Amino acid sequence: MTVSAKKSFILRILPPPAVFRLFAILHVIFGFSEDMTIPVPLGLISLILLAAGGVLAATSLYLFSAEGISPLPWKTNDTVLFTGGVYRLSRNPMYLSLMLGLAGIGITFCPLLLLMTLPMLFHFLSLITEREETVNGIIFGEKFSEYCSRTRRWL
């Protein structure tokens, strides 16, 4: 099985947005109560994290749609290496947006559970990112190596 085929198989079974939704649902289930009150500072931090995640996701998706390329991670993009916009700040802004969103949801609903789910999501996304970077290195060669040398994986 080739590197691209392994990546495709894993991502079809456990796509990152599905893992994010699973963790978010767990936070709501374990943290929701009818008399739930959130201290203003935590609510504000949560809103900022959710907004930042939403902006990162929307901006990233816009770049893909402007090029007519699917943002689905198991569909290999062998035509465009995104290095501008939010991709100047992070090689993985879509995955970073998932972590920011989960942090915002976790702070609101179940901060204690966040201590477990955020590292789990980070580890999962790191494994996927390593595979994606291997494939991108094969596809884009030196251009991707230069991009990696000047842009951080996360922030």
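The values are calculated or read from the model by the stated rules, or taken from the named source; none is laboratory data. All values reported here derive from a predicted model rather than from experimental measurement. All Cβ positions, glycine included, derive from the backbone under ideal geometry; neighbour counts span all protein chains shown. Surface areas here come from the heavy atoms of the whole protein model, side chains and all, with no ligands, DNA or RNA. Shrake-Rupley method; radii C 1.70, N 1.55, O 1.52, S 1.80 Å.
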Please verify whether segment 139-151 includes one or more residues that are open to solvent by 70 Å² or more (accessible area, probe 1.4 Å) and of a type in the set (S, T, N, Q). yes
Name the residues in segment 45-103 that are among the polar types (S, T, N, Q) and either touching a Leu at 6+ places or on another chain (Cβ under 8 Å) or surrounded by 14 or more Cβ atoms within 10 Å (Cβ to Cβ) (or both), would you? Ser46, Thr59, Ser60, Thr76, Asn77, Thr83, Ser90, Asn92, Ser97
If we scan segment 38-55, do we find a residue that is part of a loop (DSSP other than H, G, I, E, B), among the β-branched types (Val, Ile, Thr) and in contact (Cβ under 8 Å) with a residue 24 or more places away in the chain? yes
Filter segment 56-75 down to the residues that are under 25 Å from Glu130 (Cβ atoms) and assigned to a loop (DSSP other than H, G, I, E, B), then identify the one that is farthest from the chain's Cα centre (by Cα). Ile69
Search result, residues across segment 107-124 that are under 11 Å from the mean Cα position of the chain (by Cα) and surrounded by fewer than 21 Cβ atoms within 10 Å (Cβ to Cβ): Phe122, Phe124
